[in-house]
1. With the condition kept exactly as written, say whether any residue in the stretch B:98-107 is without any contact (Cβ under 8 Å) to a residue 60 or more places away in the chain, under 26 Å from residue B:247 (Cα atoms) and not assigned by TED's automatic domain parsing to the domain that holds residue B:129.
2. Restricting the stretch B:244-257 to residues that are out of contact with any helix residue (DSSP H, G or I) (no Cβ under 7 Å at 6 or more places or on another chain) and away from chain A (no Cβ under 11 Å), which is surrounded by the most Cβ atoms within 10 Å (Cβ to Cβ)?
3. Mind checking which residues of the stretch B:127-168 are more than 14 Å from every other protein chain (Cβ to nearest Cβ) and loosely packed, with under 14 Cβ neighbours inside 10 Å?
4. Suppose we filter the stretch A:195-212 for residues that are modelled with pLDDT of 95 or more and in a helix (DSSP H, G or I); how many remain?
5. Taking residue A:185, is it part of a helix (DSSP H, G or I) and on the phi < 0 side of the Ramachandran plot?
6. Looking at A:38, A:53, which one is in contact (Cβ under 8 Å) with a residue 12 or more places away in the chain, surrounded by fewer than 24 Cβ atoms within 10 Å (Cβ to Cβ) and in contact with a helix residue (DSSP H, G or I) (Cβ under 8 Å, 6 or more places away or on another chain)?
7. How about the stretch A:108-133: which of its residues are over 15 Å from residue A:90 (Cβ atoms) and at the interface with another protein chain (Cβ under 7 Å from one of its Cβ atoms)?
8. Has the stretch B:58-65 got at least one residue that is over 28 Å from residue B:227 (Cα atoms), more than 14 Å from chain A (Cβ to nearest Cβ) and part of a helix (DSSP H, G or I)?
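The values are calculated or read from the model by the stated rules, or taken from the named source; none is laboratory data. As the structure is a prediction and not an experimental result, all values here were calculated from the model. Ideal geometry is used to build each Cβ from the backbone, glycine not excepted, and the neighbour counts take in all protein chains shown.
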């Protein structure tokens, strides 16, 4: 039996396709990415923000190919090969890019230790409280009204906590920082919950819709987006909406386990 | 009855001495639960690096008002540094490296790839080892199949880490954050050994040696309290009734907050 999403459109489209074609030359850093994956997109956005030279390689994490498993034994995107060494986990990669390319501006983490800690606390909140709840909402079936309302309220609560910390146009004020990069792929995809799970940006609270708009229209975000070609991504989102998504993240949520 | 009515209110043994040595106000106030393995990570790092700190005992089950202003989650560990509140054990470990770079040892390497490698394995400990460890402790002994599965999952998770150990510590001769992050669970594995059939030797070659090296590190010994004082808490875990946020999360299939 073919892997669950073997009929997935195989490559990035739209503006993301242009970005991919601009990054075909070998570099110190090879970026293994899945065009549709929000976790991959975090890293892609940062690579684009900082203008780091990279070679883009498309991987299909639903079809774990041997050579890719050697880079990342977990077989998940995103992953990076840097001067022959493999690194994976989106949040680890974001910190790595800051460590390895300090002269590539902007720096997406502040230099002050307390401010860096503040970034990491809210990245942790997004990872533990926003992303899993967002996925649960998408996967909750619409005929289960109570569960749906609970899931939606949980997501609103989780987003409100983050919203309370937003200082300006972006999370930290006027500068785009890691917190923005970490959440924006989910903001971009909230149309799925809006269309199918009655999620409304306005219902989060004052300012959320503006913040969402500000970060989703950022150039690095637009340049890494195929999602605007919504029909290509639909086959994946339909699986989430149907409750039978086969990503490791979805399976983990269903099993009550950490997202690997 | 509050979950910690029966628990001893302060650190004991060598940990009590360490507490006594850290009573003066400093730039950094460390809010800790003496029994919490998450707190102990940060405590170990503070002791390793000789950072000046004032130790304040917090009962995270009591959710006291003034502490909720430091950490709205009401959880330990937390730190107040020059008036700013910081929490989450892993965030705190990174913070101590950022804020006190001249306090040796540095527990993170300077090379970007090596730093990433540390963080990958810290992530593995958080996502795979700790939940498996807690699930094992909370699985009831009369559920033989579940117990065996839980124990094997735990062994598998530890083996993946073991494969990366350079010896005597994770990164080789240097004690680093990966060691700090897992040490409190290694120190507490006697609970699973006595009640859930866990054996260090069954993890694989070298695990028992590594575990011994970690648990006998001075900073670990200095932050460990007497076992009899914490037994009442582990009894709750063993009965599947623990009321920590971590235990509740594991039972509900949610991320540990």
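1. No, the stretch B:98-107 has no match at all.
2. B:244
3. B:140, B:141, B:142, B:143, B:144, B:145, B:148, B:152, B:166, B:167
4. 8
5. For residue A:185, the condition - part of a helix (DSSP H, G or I) and on the phi < 0 side of the Ramachandran plot - is met.
6. None of the others qualify; the one that does is A:38.
7. A:113, A:114, A:116, A:117, A:121
8. Yes - at least one qualifying residue is present in the stretch B:58-65.
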